[in-house]
2 protein chains.
Amino acid sequence: MSSAISPAAWVAAHLPASRSPRDAAEAYAPANIALCKYWGKREESFKLPLTGSLSISMGALGTRMRIAPAAADSLRINGADLSPRDKAFQRLFAFLDLLRPAGQAFCVDSTNTLPMAAGLASSASAFAAAVLAVEKLYGWVLDGPTRSRLARLGSGSACRSVYEGFVEWHAGIEPDGGDSFAEPVAPAWPELRVGVLTVSAAPKAVGSSEGMKRTADTSRLYRAWPEQVARDLPKIRRAVLEHDFDTLGATAEQNALAMHATMIAAWPPVLYWQPETVAALHQVHALRAGGISVYATLDAGPNVKLLHPAGDTPALLETFPAMRVIDPSAAL
Amino acid sequence: MSSAISPAAWVAAHLPASRSPRDAAEAYAPANIALCKYWGKREESFKLPLTGSLSISMGALGTRMRIAPAAADSLRINGADLSPRDKAFQRLFAFLDLLRPAGQAFCVDSTNTLPMAAGLASSASAFAAAVLAVEKLYGWVLDGPTRSRLARLGSGSACRSVYEGFVEWHAGIEPDGGDSFAEPVAPAWPELRVGVLTVSAAPKAVGSSEGMKRTADTSRLYRAWPEQVARDLPKIRRAVLEHDFDTLGATAEQNALAMHATMIAAWPPVLYWQPETVAALHQVHALRAGGISVYATLDAGPNVKLLHPAGDTPALLETFPAMRVIDPSAAL
């Protein structure tokens, strides 16, 4: 489906006109992990999803970004300057072009508080932080849905990273994404923990967007994915509101495995799993059989995240000594 | 769906009346590997499948079974006597009860020419060999479809093991399975090889029938499985007839991965894969990227079978030194 208008025209029509920058502005946005996954677009240019999704923001793990007007564009990530030929450089400034007037250059200094080696995606938090920083730079006062719609234009899942806690992204049906934005569902539960098992921090052989597209184009099983989400999303939302950890965990695990199943059935197969991924899944199932409440979720990559109550962290660390423990309710 | 009549009544109505046994009879049936998988039943008592399937018989690898009238039932497999309390014992004689008159006992001596440690299923070849041996014992002369329908009552995929070469099992629609039987498609190609990578020969934590049922009951993605088969089965049949190895291999691999994908999306997950399974799949994909025509297929278990032309066997053995090579065109 293609839209009548472009993202640039949409932004021009929906943002305050003021573009007088302060000296500099800085903002923070958390990473997020989807419990009900975003997997597949209904429209590419506005990054509109086929289905809704629901995530938990990663508290103090995310991206802090400082933006200042400058004579020429520059981007520093974690203290290292990127070349203008770097894809990450081009992608960020192409996005910022939507928000700034022609001729305005930026010096961007971005710091990820999430360990790069953890294999957690930083693009969601980076684009969300960029929106929040530009908002401050120009002195705008945007509401949550507007921030979310803007961040989505940078990276789909970034639309969930403009909030803390549990966040739902409404798929929407409008061609320009006016109704495709995220909203908070509930604050993070203080006792919920996410353990990260890093199988590989190497760049993926198949990027998420390419994996999504190949799956949508070639996987017959993908046709059942919207049904999967239609069942899982309300279950997870209710579990969040009712504080029902086991329903949340079991539904999130099945949703993540179903997402990977749609990829495994693509051609050529999109097999993000590594041997250690499968080993970890079997260990999780064995721990659960032994009475420990732990559930796995996986994004489009080989790493495994373990949803569990804080009280079970010590027991899990015995099986997974290298597990990094994240408290989504922790403030930066 | 339940049938109006029982399998026993169906057999009584469709077999010759003669039940005067010779002294003994012996028969052989090959194992088979599905290229388009049988995954899910539409009816349990007659073992009727939801979809059609297509296999290649394993030539000289299978089951040789000798049956002789005796004072009491006994079963020897590969030289070892089984206890009447053994499940395999009970399953075989419950099946033979369909074919013999009340009061008739059998001494059964079964030998698998397929290495037990290879993790290849022997139930298909065993039930097919049982049908062929009983046919000889009673001096019946049955046609292929009748043999196939009978073998199906022992184990679904056994209905394909009453033939050599490429074999198609028609799903059928009749409630008593009258139209659910296998037929030969073409002789085995002399140059086709199947390499078996044995990841684990241990009994599976979840049996095939249970895995099938759990998948059908809980996996949303399974709803797209009939569509997958509707696409793959005619493609594989055509590839067999046209001698198109790459289409056969690619379609068989996608079909097998899609079958596993339906299981991975079940709850609790039916995860037959082991770390070595995923390692082997990545190696297969790397070999293919390097120009070697090799495709993977997997049954409901962790072992990987490598479809390849005989000429590539030496190159594959460099990557997989423990691979056992099967020539489906080899006679016993």
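Quick look at the numbers
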{"read-out": "Exclusive hit being closer than 25 Å to A:ILE326 by Cα, at pLDDT below 95 and open to solvent by 40 Å² or more (accessible area, probe 1.4 Å), set A:ALA121, A:ALA102", "value": "A:ALA121"}
{"read-out": "Checking B:ARG223 against (1) open to solvent by 10 Å² or more (accessible area, probe 1.4 Å); (2) at pLDDT 95 or above; (3) within 13 Å of chain A (Cβ to nearest Cβ); (4) under 22 Å from B:ASN32 (Cβ atoms), the condition it does not meet", "value": "(4)"}
{"read-out": "Positions within region A:134-143 being in a helix (DSSP H, G or I) and open to solvent by less than 20 Å² (accessible area, probe 1.4 Å), in sequence order", "value": "A:VAL134, A:GLU135, A:LEU137"}
{"read-out": "Options B:ARG238, B:ARG231; residue that is touching a helix residue (DSSP H, G or I) at 6+ places or on another chain (Cβ under 9 Å), open to solvent by 20 Å² or more (accessible area, probe 1.4 Å) and within 7 Å of chain A (Cβ to nearest Cβ)", "value": "B:ARG231"}
{"read-out": "Residue match in region B:22-31 (condition: over 18 Å from B:TRP189 (Cα atoms) and touching a His at 6+ places or on another chain (Cβ under 7 Å))", "value": "no"}
{"read-out": "Of the criteria (1) farther than 21 Å from B:LEU271 by Cα; (2) in contact with a Phe, Trp or Tyr (Cβ under 6 Å, 6 or more places away or on another chain), which one A:GLU242 fails", "value": "(2)"}
{"read-out": "Qualifying strands (runs of 3 or more DSSP E) (wholly inside region B:46-129; at least 2 residues being touching a residue at least 60 places away in the same chain (Cβ under 8 Å))", "value": "B:53-70"}
{"read-out": "Hits in region B:252-290 - residues which are at the interface with another protein chain (Cβ under 8 Å from one of its Cβ atoms), of a type outside the set (A, V, I, L, M, F, W, C) and within 18 Å of B:TYR38 (Cβ to Cβ)", "value": "B:GLU253, B:GLN254, B:HIS260, B:THR262"}
{"read-out": "Which numbered condition B:ALA29 misses (of (1) assigned to a helix (DSSP H, G or I); (2) surrounded by 15 or more Cβ atoms within 10 Å (Cβ to Cβ))", "value": "(1)"}
{"read-out": "Count - residues of region B:159-211 that are within 30 Å of B:THR313 (Cβ to Cβ) and polar (S, T, N, Q)", "value": "4"}
{"read-out": "Output for region A:152-181, where each listed residue is touching a residue at least 60 places away in the same chain (Cβ under 8 Å) and touching a Cys at 6+ places or on another chain (Cβ under 7 Å)", "value": "A:ARG152, A:TRP169"}
{"read-out": "Test: residue in region B:198-216 that is touching a residue at least 40 places away in the same chain (Cβ under 8 Å), within 9 Å of chain A (Cβ to nearest Cβ) and of a type outside the set (D, E, K, R)", "value": "no"}
{"read-out": "Filtered residue count, region B:144-171, keeping only those that are open to solvent by 10 Å² or more (accessible area, probe 1.4 Å) and hydrophobic (A, V, I, L, M, F, W, C)", "value": "3"}
{"read-out": "Residue check, B:TYR295 within 25 Å of A:VAL199 (Cα to Cα), more than 8 Å from chain A (Cβ to nearest Cβ), open to solvent by less than 30 Å² (accessible area, probe 1.4 Å) and at pLDDT 95 or above", "value": "no"}
{"read-out": "Check on A:PHE181, more than 14 Å from chain B (Cβ to nearest Cβ), in contact with a Ser or Thr (Cβ under 7 Å, 6 or more places away or on another chain) and more than 17 Å from A:SER57 (Cβ to Cβ)", "value": "no"}
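The values are calculated or read from the model by the stated rules, or taken from the named source; none is laboratory data. Keep in mind it's a predicted model, so treat the numbers as computed, not measured. Note that each Cβ is placed from the backbone with ideal geometry, even for glycine, and that neighbours are counted across all protein chains shown. Surface accessibility is based on the protein's heavy atoms, side chains included, excluding ligands, DNA and RNA. Shrake-Rupley method; radii C 1.70, N 1.55, O 1.52, S 1.80 Å.
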